[in-house]
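Take a look at the structure below.
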Amino acid sequence: FPVVGRYATHYDVSKVTQLGFRFLIGCLIVLPFALRQGAVRLSAPHWAGFAAMGGMYVVQSIFYLMSTDRIPIGMTSILLYLYPAVVAVLSRIFLGERLTRRKVLALALASAGAVLTIGAPGAVTDMTGAWMALVTPTVYSVYIIVGAKLQRDVPALVSSAAIMGSAAALAFGLGALAALFAPESSVLALRFDLPAQAWLALFAF
């Protein structure tokens, strides 16, 4: 994902354009399989929750991609994997799950490894990029906790199609607004006048 994003960015494809196509293509691939699940009625809270999850995925992905513009892709990926520790804490608070000694020890070791990686001499020269990377596990953890409650009685293909469709709609909506009010934005402005290499990168997502 970030490697293909690097190619797309090289051809001046904004982050929301990248994400809009990523989620749209994903939704179109999953949708036929979701429809084969039969009639699944989603309540208003389900639709609202899946839309919120789509929004969270867009925010998380934007910060992830912006971080890879500033710090090495590998560093961003390592920081993303702080999310199990955040999920464990949030699960204890909101879902009442037990934190056993073994879980606490494993999470502490994993978190210490990530902290050591960030703090290694010369590892991070751009702290803004590091903070952007740290947004991703935080938002992703909330996404997982919300999904754990919402997706209990909904087939995975149906919820995936709804979440990806919502994410695509939000990304394209943000991009359309930015194209009107901030057309020079490399993060938000939606653009379709792209070279063939950029389109290949978008479909590679």
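The values are calculated or read from the model by the stated rules, or taken from the named source; none is laboratory data. This structure is a prediction, so every number in the text was calculated from the model and none was measured. Counting neighbours? That spans all protein chains shown, and the Cβs are built from the backbone with ideal geometry, glycine included. Just the protein is used for accessible areas: all its heavy atoms, side chains included, with ligands, DNA and RNA removed. Shrake-Rupley method; radii C 1.70, N 1.55, O 1.52, S 1.80 Å.
Within segment 32-74, track down each residue that is open to solvent by less than 30 Å² (accessible area, probe 1.4 Å), small (Gly, Ala, Ser) and under 16 Å from Met132 (Cβ atoms).
Within segment 32-74, Ser61, Ser67 qualify.
In segment 169-195, what residues are open to solvent by less than 70 Å² (accessible area, probe 1.4 Å), without any contact (Cβ under 8 Å) to a residue 60 or more places away in the chain and part of a helix (DSSP H, G or I)?
Gly173, Ala176, Ala179
Report the residue count in segment 164-187 for those that are within 16 Å of the chain's Cα centre (by Cα) and modelled with pLDDT under 90.
Number of matching residues: 1.
Quick one: Thr117 ticks every box in (1) of a type in the set (S, T, N, Q); (2) loosely packed, with under 14 Cβ neighbours inside 10 Å; (3) more than 30 Å from Ile25 (Cβ to Cβ) except a single one, so which number is it?
Unmet for Thr117, out of (1) of a type in the set (S, T, N, Q); (2) loosely packed, with under 14 Cβ neighbours inside 10 Å; (3) more than 30 Å from Ile25 (Cβ to Cβ): (2).
List, please: which pairs have Cβ atoms under 7 Å, are six or more places apart or on different chains, and start with a residue in segment 144-168 that is surrounded by fewer than 20 Cβ atoms within 10 Å (Cβ to Cβ) and end with one that is not in a helix (DSSP H, G or I)?
Pro155/Gln37; Pro155/Val40; Leu157/Gln37
Does Thr17 fit the bill of being outside any loop (DSSP other than H, G, I, E, B) and either closer than 26 Å to Pro183 by Cα or open to solvent by 20 Å² or more (accessible area, probe 1.4 Å) (or both)?
Yes, satisfied.
Which helices (runs of 4 or more DSSP H) sit wholly inside segment 68-127 and have at least 2 residues that are more than 27 Å from Arg152 (Cα to Cα)?
Correct list: 73-80, 101-119.
So that you can scan it fast, the table gives a plain yes or no per residue for (1) more than 22 Å from the chain's Cα centre (by Cα); (2) surrounded by fewer than 13 Cβ atoms within 10 Å (Cβ to Cβ):
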{"residue": "Thr76", "(1), (2)": "no, no"}
{"residue": "Ala85", "(1), (2)": "no, no"}
{"residue": "Ser91", "(1), (2)": "no, no"}
{"residue": "Arg98", "(1), (2)": "yes, yes"}
{"residue": "Lys103", "(1), (2)": "yes, no"}
{"residue": "Asp126", "(1), (2)": "no, no"}
{"residue": "Ala133", "(1), (2)": "no, no"}
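Just a yes or no: is a residue in segment 99-112 at pLDDT below 85 and within 27 Å of Ser166 (Cα to Cα)?
No: segment 99-112 contains no residue that is at pLDDT below 85 and within 27 Å of Ser166 (Cα to Cα).
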